[in-house]
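Please read the structure below before turning to the comments.
The values are calculated or read from the model by the stated rules, or taken from the named source; none is laboratory data. Since the structure is predicted, the reported quantities are computational estimates derived from the model, not experimental observations. Cβ: placed from backbone, ideal geometry, glycine included. Neighbour counts: every protein chain shown.
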Amino acid sequence: MRESAPAEQALILDSVARFLDRDVRPHVRQLEHDDIYPGEMVEKMKALGLFGATIPAEYGGLGLGARTYAKIVEQVSTVWMSLSGIFNSHLIMAAAVQRFGTPAQKASFLPRFASGELRGGLALTEPDCGTDLQAVRTTARRDGDGYVVNGTKTWISNGIQGRCFALLVKTDPKAEPRHRGMSLFLAEKGPGFTVSRKLEKLGYKGIDSAELVFSDFRIPADRLIGGEEGHGLQHALGGLELGRINVAARGVGVAQAALDEAVRYSQVRKTFGKPISQHQAIQLKLGEMATQVQAARLLVDHAASAYDLGERCDMEAGMAKLFATEAAVNVSLESMRIHGGYGYSKEFTVERLYRDAPLLVIGEGTNEMQRIIIARQLIARNPV
Ligand SMILES: Cc1cc2nc3c(=O)[nH]c(=O)nc-3n(C[C@H](O)[C@H](O)[C@H](O)COP(=O)(O)OP(=O)(O)OC[C@H]3O[C@@H](n4cnc5c(N)ncnc54)[C@H](O)[C@@H]3O)c2cc1C
């Protein structure tokens, strides 16, 4: 991915900022509390080109680099993290096609992904496995000129509103090592592919999270990404560096929003005759919070720069993901404390940030796994 030119970056960030101020900020609280899918915002996001942000221009996308993309994700997440989820996992699905798809798959799917006409996400997790993806049980059995899929996927973002998913299955359930029997398909909704239920969540509302059921779902063979069985895990995990940068950028956005709320509130709330921002106990918190936010932002930018240069950045993306998402959890909790009782009220923004942040330490590889990935890379890069 190339780095975007400064003028191009400023232009897109400015358009996104205007969209957020005019069309999102005034409506977030209501939509979020009522858990309503933001259909009108999605139409505007299509017009802005966000569904094609990282898809190359030759397929109708904006072709932005990871640094600019991360800044967009941060910006969107300072206002409403759920909105970023609507285009983030969609773009990770697109990235699998970009990187590993056949020329015919690229030509057929990428333009429709880029325009937002065909939207979706990633269908990897199952009721019995998330971290250990090699344990997936959904199968695709070869049958004539296609495959027959059976199984259940859960926690799938955009599962109800989306129509196309990168679906991880076993084409050879007996293969050893297990990943050799795994394949990734582009599954468009049709007979045998149903949404069994919408999942209720602590936060990350508005965006739909669903359980998907495949029951003798027939899929043409030309939907197998890359056209060859046995590479599914590699194809699904191939987008992980960008995925982690993306989740880390969400963390920066949520943490920044929580910090902004705290800085504002602490100057208007008075106790013992002065604004609480003048009490040293609150200053200690603000100082720590601001430092965490800025450090997180720099780690994201560092990882994104390496990604744009085509350098290996699994450790860098893991560090950014780990630090920025823990910062989102810490800073939103500290901001809530600074708000006192009002931090617990549904009338203040900080309660949403506090409910949204914990997802970030789980999704796109849990933070327990990030620590392990970082350590393994550290050792691999420094052999004795
Ligand atoms: C709101 C939401 C949206 C999501 N969206 C999607 C989506 O769009 N597509 C999709 O495919 N999935 C999605 N997920 C699923 C998510 O990716 C998984 O929840 C995540 O990968 C963790 O898997 P798990 O929940 O099965 O936890 P488990 O894998 O069961 O892990 C449980 C705990 O054990 C720890 N653990 C597991 N293995 C190890 C190990 N080897 N060493 C140390 N600790 C370990 C984990 O860190 C965790 O703390 C979403 C989840 C949520 C909550």
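Within region 344-358, identify whether any single residue is within 16 Å of the ligand (Cβ to nearest atom) and either within 19 Å of LEU242 (Cβ to Cβ) or among the small types (Gly, Ala, Ser) (or both), and answer yes or no. Taking every residue of region 344-358 in turn, at least one turns out to be within 16 Å of the ligand (Cβ to nearest atom) and either within 19 Å of LEU242 (Cβ to Cβ) or among the small types (Gly, Ala, Ser) (or both).
Counting residues in region 57-65 that are closer than 25 Å to ALA296 by Cα, at pLDDT 95 or above and buried (at least 24 other Cβ atoms within 10 Å of the Cβ) gives one or more. Taking the criterion of being among the aliphatic types (A, V, I, L, M), loosely packed, with under 14 Cβ neighbours inside 10 Å and under 16 Å from GLU74 (Cβ atoms), no residue of region 18-48 qualifies.
Where strands (runs of 3 or more DSSP E) fall wholly inside region 104-163, the ranges with 1 or more residues that are of a type in the set (Asp, Glu) are 139-143.
If the requirement is being within 16 Å of the chain's Cα centre (by Cα), closer than 29 Å to LEU240 by Cα and free of Cβ contacts under 8 Å to residues at least 60 places away in the same chain, which of these qualifies: ASN367, ASN382? I'd like the intermediate steps shown before the answer.
Values: ASN382 fails: within 16 Å of the chain's Cα centre (by Cα).
Answer to the check: ASN367.
Restricting region 129-169 to residues that are surrounded by fewer than 16 Cβ atoms within 10 Å (Cβ to Cβ) and within 8 Å of the ligand (Cβ to nearest atom), the residue that is farthest from LEU199 (Cα to Cα) is ASP132. Put simply, of SER332, SER266 the only residue that is touching a residue at least 60 places away in the same chain (Cβ under 8 Å), within 24 Å of TYR354 (Cα to Cα) and crowded, with 23+ Cβ neighbours inside 10 Å is SER332.
Does region 359-378 hold any residues that are among the aliphatic types (A, V, I, L, M) and within 16 Å of the ligand (Cβ to nearest atom), and which are they? Within region 359-378, LEU359, LEU360, VAL361, ILE362, MET369, ILE372, ILE373, ILE374, ALA375 meet the criteria.
Of GLU311, GLU326, GLU364, GLU316, which residue is under 22 Å from SER84 (Cβ atoms) and not in a helix (DSSP H, G or I)? Explain how you work it out, then say what you get.
Numbers: GLU311 fails: under 22 Å from SER84 (Cβ atoms); GLU326 fails: not in a helix (DSSP H, G or I); GLU316 fails: not in a helix (DSSP H, G or I).
None of the other options fit; the residue is GLU364.
Note down all Cβ pairs under 6 Å where the first residue falls in region 36-55 and is in contact (Cβ under 8 Å) with a residue 60 or more places away in the chain and not assigned by TED's automatic domain parsing to the domain that holds CYS164, the second is in a loop (DSSP other than H, G, I, E, B) and crowded, with 24+ Cβ neighbours inside 10 Å, and they're at least six residues apart or on different chains. Close Cβ pairs satisfying both conditions: THR54/LEU64.
Hey, among SER108, SER82, which residue is hydroxyl-bearing (Ser, Thr, Tyr) and without any contact (Cβ under 8 Å) to a residue 60 or more places away in the chain? Walk me through how you get there before you give the answer.
Details: SER82 fails: without any contact (Cβ under 8 Å) to a residue 60 or more places away in the chain.
Going through SER108, SER82 in turn, the sole match is SER108.
Exactly one residue among ASP143, ASP172, ASP128 is in contact with a helix residue (DSSP H, G or I) (Cβ under 6 Å, 6 or more places away or on another chain) and among the charged types (D, E, K, R), and that residue is ASP172. So is VAL293 within 25 Å of VAL76 (Cβ to Cβ) and at pLDDT 95 or above or not? Criteria met by VAL293.
One line per residue, one yes/no per condition, for (1) under 26 Å from ILE92 (Cβ atoms); (2) crowded, with 22+ Cβ neighbours inside 10 Å; (3) assigned by TED's automatic domain parsing to the domain that holds LEU64; (4) without any contact (Cβ under 8 Å) to a residue 12 or more places away in the chain:
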residue	(1), (2), (3), (4)
LEU286	no, no, no, no
MET289	no, yes, no, no
GLN294	no, no, no, yes
ASP301	yes, no, no, no
ALA320	yes, yes, no, no
ALA324	yes, yes, no, no
MET336	no, no, no, no
ALA357	yes, yes, no, no
ILE374	yes, no, no, no
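Summed over region 77-95, the residues that are buried (at least 24 other Cβ atoms within 10 Å of the Cβ), within 20 Å of VAL329 (Cα to Cα) and more than 10 Å from the ligand (Cβ to nearest atom) give a count of 5.
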